[in-house]
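The values are calculated or read from the model by the stated rules, or taken from the named source; none is laboratory data. All values reported here derive from a predicted model rather than from experimental measurement. So basically every Cβ, Gly included, is an ideal-geometry build from the backbone, and we count neighbours across all protein chains shown.
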């Protein structure tokens with residue numbers, strides 16, 4: 001093969017690579033509606049699991065009018081979607097309107113399969129709009145299952161307000177019934193409540209400049225483990241399902257989740273209507 005032909009073929013090959021759409025890195029999500037959340041949720045297949053999650057966002061500023069009372073929160077969730085009868089971990093920030101006044105806070109909640117809820121007193125107790133938040137949560141399996149597990153079995157989680165420097169930690173050792181088969185990055189509201197006008201909430205590096213967030217630790221039935229894989233990349237893996245939720249009330253759209261970025265690890269949720 002002559003040098004001229006080789007260079008021509010090489011140039012054609014490189015051009016073909018650069019012509020690939022950047023969006024091929026992100027997964028195609030299945031659309032779904034929810035009355036409580038808008039965002040992205042991943043569900044693991046049989047034999048697969050999700051044992052860690054990392055996220056970052058900026059605390060949204062709410063617009064309150066009159067004497068309005070309304071609610072919104074930004075959070076990560078582990079379990080509770082695919083297996084409602086298992087314990088669910090939720091960690092996030094709140095941006096609410098109470099009697100027309102904007103209030104902001106943090107929450108760590110463990111919704112137990114038994115029907116009870118454990119609310120851990122958060123630290124920092126308050127946050128401010130625009131604060132940069134980082135959250136990590138990791139599952140500690142404890143001892144061998146045949147011995148009934150260990151007293152160290154449970155979730156280890158940290159929420160850091162990078163802006164103020166305050167950090168809060170959760171260490172649950174109650175041998176929770178974790179299914180480890182779903183994880184979510186969402187904006188939500190309590191059932192039956194009016195959604196507060198949070199304008200928009202951005203997850204991941206595109207909005208926070210924090211690298212390696214909106215990622216998960218996932219194990220596969222073939223014993224392969226990914227310690228830091230993006231939402232979009234995990235959604236592309238065999239056995240995993242990625243769902244894109246829109247928050248609705250009847251025929252009204254309350255909040256929408258935008259598309260994942262080209263790396264599959266950043267997106268925003270936008271406010272549409274209160275109810």
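Taking the range 156-211 as the region of interest, the strands (runs of 3 or more DSSP E) fully inside it that hold 2 or more residues being at pLDDT below 95 are 166-171, 182-188.
The set of residues in the range 230-265 that are assigned to a loop (DSSP other than H, G, I, E, B) and either within 28 Å of residue 191 (Cβ to Cβ) or modelled with pLDDT of 95 or more (or both) comprises 240, 250, 251, 258, 259, 260. In the range 212-229, the qualifying residues are those that are within 15 Å of the chain's Cα centre (by Cα) and surrounded by fewer than 19 Cβ atoms within 10 Å (Cβ to Cβ), and the one that is modelled with the highest pLDDT is 212. The set of residues from the range 257-275 being surrounded by fewer than 19 Cβ atoms within 10 Å (Cβ to Cβ) and within 24 Å of residue 211 (Cα to Cα) comprises 258, 259, 262, 263, 270.
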